[in-house]
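The values are calculated or read from the model by the stated rules, or taken from the named source; none is laboratory data. The structure displayed is predicted, hence computed values, not measured ones. Here the Cβ positions follow ideal geometry from the backbone for every residue, glycine too, while neighbour counts run over all protein chains shown.
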Amino acid sequence: MSPAPTVLAAVQVDPTRNNASRSLARFPSNSLDFVVAGAWVGLQVDRANLLRWYLTVVRPSGIFCIVCSAGTERNWWKSATAGALPFADEDADGMRLFVFVKEESSQPDSRNGPEEVRRNVCPLCGGGEFDLLRLMKDLETPLFTCRASSCGLTIQRRYSRGEFSGTIYQSRYIEQYRADPVAARMRTAEAEWFVGWLGSQGVSLGSSIEIGLGDGTFSGALQRAGIRTAGVDFIPVALELAARQGTKPLHCGDWETWACPHEAEFDVGVMIHTIEHFGDPRSAFTKLVRAVRPGGYLYVHTPNHDHARGSDWFHYWPEHVSLFGRQSLRRLFVSSRVEVCTVRELYGDDLIFIGRKV
Ligand SMILES: [Zn+2]
């Protein structure tokens, strides 16, 4: 007789607070035999990321179900369930049930991987040797993740830049943060910590520039601390939200292609969950360094790839094209003539470097 299944937990989520990913974060990867996602998942603005979270906690060959309302398109979950084989698809009692079996981890083919990996050159150190960490072959456009042997920068490649700004960075990219008051409180606390750190160094800053404003919370908190803030973002609503908190919009569009007229002008340059979105992070960072005056500061906050365990790390989103750890972020700073002042780890998987322009 097989043992009765044990229900380990029911995760209660409040869709208006968008807190499912944090609730699921307490389960180790590959730990549960069977996971069901309820109909509310389809209502979430970042449902693709939520589904990736669910899949992460299911063990290989485990079962993953989504219960939706009948008539839900069969396509909306497609990109999010790479790594899961469709097993059944049933309509009953006005509901539609999708059942998947999680694949055994797709392990890289060989050390240097397929042709797509071998063609790459590291945008940070120029090295051409990579270790393939992860390969998602079953997507329409294969996504691969590989780590440069010499500097440790990890790159993911899938989309062209044009598709990026057109299909990913739309208003709802901001809305998901706006819907989350907990995230706003965390970001405010982070800005207050930074202002406190500056105070502990005997420094007070007059002005800042932030690239990738998001919902404007960080710059808004600096503004309230007496710093004149300005920023750049792809998305009009990001600049509007930031402006409501006193931050001056400098440019709406792509930072990398913008002919930024500001040189040696700001006391601090900020990038929070931004550097990982640039295909050429060194060029994007150098441009920010140019906008900061000599002796001014650089503040970079990014997912910490040193913490990636296995092929289903949470931050392997396709739009995270350049993932850093301590070694590669230090290299980025030093090679841009920025001296590293302090390093901070936050929320388990985040890394913050503060540096001073020489
Ligand atoms: Zn490199």
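Data overview
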{"read-out": "Checking residue 278 against (1) of a type in the set (Phe, Trp, Tyr); (2) over 19 Å from the mean Cα position of the chain (by Cα); (3) within 16 Å of the ligand (Cβ to nearest atom), the condition it does not meet", "value": "(2)"}
{"read-out": "Some residue of segment 320-332 being outside any strand (DSSP E or B) and at pLDDT below 95", "value": "yes"}
{"read-out": "Pairs, first assigned by TED's automatic domain parsing to the domain that holds residue 304 and surrounded by fewer than 16 Cβ atoms within 10 Å (Cβ to Cβ) in segment 324-351, second among the acidic types (Asp, Glu) and part of a strand (DSSP E or B), C-beta under 9 Å, six or more apart", "value": "344/350"}
{"read-out": "Out of 109, 180, sole residue that is under 30 Å from residue 241 (Cα atoms) and modelled with pLDDT under 80", "value": "180"}
{"read-out": "Segment 216-235: number of residues that are under 18 Å from residue 251 (Cβ atoms) and within 20 Å of the chain's Cα centre (by Cα)", "value": "8"}
{"read-out": "Selection from segment 198-238 of residues that are on the phi > 0 side of the Ramachandran plot and either outside any loop (DSSP other than H, G, I, E, B) or surrounded by 17 or more Cβ atoms within 10 Å (Cβ to Cβ) (or both)", "value": "212, 214, 216"}
{"read-out": "When residues of segment 239-249 are limited to those that are touching a strand residue (DSSP E or B) at 6+ places or on another chain (Cβ under 8 Å) and surrounded by 20 or more Cβ atoms within 10 Å (Cβ to Cβ), the one nearest to residue 292 (Cα to Cα)", "value": "247"}
{"read-out": "Any hit, segment 255-266, residues being within 21 Å of the chain's Cα centre (by Cα), of a type in the set (S, T, N, Q) and not in a strand (DSSP E or B)", "value": "no"}
{"read-out": "Test set (1) of a type in the set (A, V, I, L, M); (2) free of Cβ contacts under 8 Å to residues at least 40 places away in the same chain; (3) not in a loop (DSSP other than H, G, I, E, B) - residue 270 fails condition number", "value": "(2)"}
{"read-out": "Qualifying residue in segment 278-295 (condition: in contact (Cβ under 8 Å) with a residue 12 or more places away in the chain, under 30 Å from residue 103 (Cα atoms) and not in a strand (DSSP E or B))", "value": "yes"}
{"read-out": "When residues of segment 123-138 are limited to those that are away from the ligand (no atom under 16 Å from the Cβ) and either surrounded by 19 or more Cβ atoms within 10 Å (Cβ to Cβ) or not in a loop (DSSP other than H, G, I, E, B) (or both), the one modelled with the highest pLDDT", "value": "134"}
{"read-out": "Selection count where residues are hydrophobic (A, V, I, L, M, F, W, C) and at pLDDT below 95, scope segment 221-238", "value": "4"}
{"read-out": "Tally, over segment 242-269, of residues that are closer than 24 Å to residue 356 by Cα and basic (Lys, Arg)", "value": "1"}
{"read-out": "Test: residue in segment 279-298 that is at pLDDT 95 or above, touching an Asp or Glu at 6+ places or on another chain (Cβ under 7 Å), within 30 Å of residue 57 (Cβ to Cβ) and crowded, with 21+ Cβ neighbours inside 10 Å", "value": "no"}
{"read-out": "Test: residue 195 is in a helix (DSSP H, G or I) and out of contact with any strand residue (DSSP E or B) (no Cβ under 7 Å at 6 or more places or on another chain)", "value": "yes"}
{"read-out": "Within segment 139-156, considering residues that are in a loop (DSSP other than H, G, I, E, B) and out of contact with any helix residue (DSSP H, G or I) (no Cβ under 8 Å at 6 or more places or on another chain), the one modelled with the lowest pLDDT", "value": "140"}
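Residue by residue, here is whether (1) touching a Leu at 6+ places or on another chain (Cβ under 9 Å); (2) over 22 Å from residue 213 (Cβ atoms) holds:
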{"residue": "273", "(1), (2)": "no, no"}
{"residue": "289", "(1), (2)": "yes, no"}
{"residue": "329", "(1), (2)": "yes, no"}
{"residue": "345", "(1), (2)": "yes, yes"}
